[in-house]
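Some notes on the structure that comes next.
Readers should treat all values here as calculations from the given coordinates under stated rules, not as data from a laboratory. Given the structure is predicted, the values throughout are model-derived calculations rather than measurements. So basically every Cβ, Gly included, is an ideal-geometry build from the backbone, and we count neighbours across all protein chains shown.
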């Protein structure tokens with residue numbers, strides 16, 4: 001009888017214990033469910049906002065690449081036709097006549113990227129750094145164009161004064177004029193067409209490739225792939241972790257290198273034919 005009472009008491013204690021745990025778990029579920037629901041809704045909103053921002057970045061960068069293509073075409077035509085014609089006219093001018101021919105630097109649109117591209121975060125420090133770089137380049141680019149325009153106009157104005165004032169013989173004046181124009185063209189090609197524009201194209205392409213890749217990946221997958229803090233395997237020590245973090249940008253550059261090369265080749269082939277287009281699927 002005593003053993004029976006002891007067994008019954010144990011059963012009652014166990015039932016009370018389970019009942020209390022069920023009550024506690026039910027209370028926790030009741031309290032946390034609204035919070036979890038709110039958290040999932042907020043995460044979904046952030047994801048949608050980020051997707052829209054990435055697509056906005058893609059449109060802006062593609063627009064800048066297409067604008068740069070137009071500028072490159074215009075500048076090449078300016079050198080190949082206008083400047084060449086100016087030099088030819090100097091050579092065709094009679095020996096006893098001064099040369100005061102003129103030409104006009106082409107007018108075209110140049111604009112910096114909108115401030116919005118660096119005002120918000122893309123959700124990736126790597127892309128944010130790329131955006132900051134191309135934003136800075138986009139602000140400097142119109143000033144470089146204006147400097148080239150002023151240098152060309154200044155060269156023509158100085159030559160015009162030399163010709164009208166007849167400070168030198170026609171032969172010397174024309175030789176100096178031709179030398180100045182040829183030097184201008186040489187610097188123009190080296191600094192602008194062979195250096196500044198290709199660098200700008202490369203930075204825009206790198207950023208566009210990264211933006212498109214991120215738009216296609218879930219944020220957690222992006223972090224797991226590139227962020228050392230999200231890797232599943234543990235680092236042996238803090239030194240190895242810091243080393244991994246310092247190498248992230250270089251590794252990401254390598255990861256996107258092939259797609260960037262393909263995009264740049266596409267831009268190079270199509271620069272005189274068609275524009276870079278947005279990705280087929282809106283991100």
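How do 108, 141, 188 rank when sorted from fewest to most other Cβ atoms within 10 Å of their own Cβ? Kindly include the intermediate steps, with their values, before the conclusion.
Values: 108 13, 141 23, 188 18.
By the 10 Å Cβ count, ascending: 108, 188, 141.
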Taking only Cα atoms of the stretch 53-134, radius of gyration then Dmax in Å: 21.0, 69
Can you give me the P(r) profile for the stretch 136-184? Cα pairs, bins 5 angstrom wide beginning at 0, each as a whole percent. 4, 20, 23, 17, 12, 9, 7, 5, 3, 0
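Fewest first, what order do 124, 109, 169 take by the number of other Cβ atoms within 10 Å?
Values: 124 22, 109 9, 169 12.
Least to most surrounded, the residues fall as 109, 169, 124.
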Would you kindly give the portion of the calculated P(r) for the stretch 79-118 that falls above 11 Å, as a percent of all Cα pairs? 73 percent
From the Cα gyration tensor of the stretch 65-211, with a ≥ b ≥ c the square roots of its eigenvalues, which class applies: rounded if a/c is under 1.5, or else prolate if a/b is larger than b/c, or else oblate? prolate
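Give the order of 167, 193, 264 when sorted by the count of other beta carbons within 10 angstrom, beginning with the fewest.
Numbers: 167 11, 193 14, 264 17.
Ranking 167, 193, 264 by Cβ neighbours within 10 Å, fewest first, gives 167, 193, 264.
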